[in-house]
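Structure first, then comments.
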Amino acid sequence: MPSSAAPAKRFSLKVALWLLDNPRLGDKPQVKHIAGRLLKQPARQGVVVAQSRLGQMLCRDCGNSRDRRIGHELLRQAARAGDRQAQQEYARLCQASEPDQARTDSAD
């Protein structure tokens with residue numbers, strides 16, 4: 001891998017986190033879309049903070065079940081790696097899905 005690739009990755013990660021943390025920009029859907037695109041590659045490469053933030057975005061802001069499943073998996077990976085925010089969000093998601101699981105189990 002060329003040595004310039006690592007700084008470029010770090011730069012895109014920093015830009016994505018800055019966009020999401022910016023109070024004026026972070027809530028806009030277009031900004032979230034751009035930040036998500038910037039986080040995608042680092043998350044795939046195992047960068048824990050990228051997994052955590054992208055997982056949270058996919059679980060909270062996406063309407064389709066495929067994206068939520070991917071977000072759930074990213075949060076699980078980040079939580080296992082020790083990311084506190086991911087651990088809390090993952091636990092919340094698991095608790096929220098328990099009533100659904102209980103309903104499907106009792107229907108069997």
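Here are some notes:
- Among the residues listed as R53, R68, the single one being modelled with pLDDT of 95 or more, of a type in the set (K, R) and under 25 Å from V15 (Cα atoms): R53
- Any hit, the range 56-65, residues being at pLDDT below 90, in a helix (DSSP H, G or I), out of contact with any Pro (no Cβ under 6 Å at 6 or more places or on another chain) and not aromatic (F, W, Y): yes
- Among the candidates A91, A43, A79, A50, residue that is aliphatic (A, V, I, L, M), free of Cβ contacts under 8 Å to residues at least 60 places away in the same chain and surrounded by fewer than 14 Cβ atoms within 10 Å (Cβ to Cβ): A91
The values are calculated or read from the model by the stated rules, or taken from the named source; none is laboratory data. The structure presented is a predicted model; accordingly, all values stated were derived computationally and were not measured. A quick note on method: Cβ atoms are made from the backbone with ideal geometry, for glycine too, and the neighbour counts reach across all protein chains shown.
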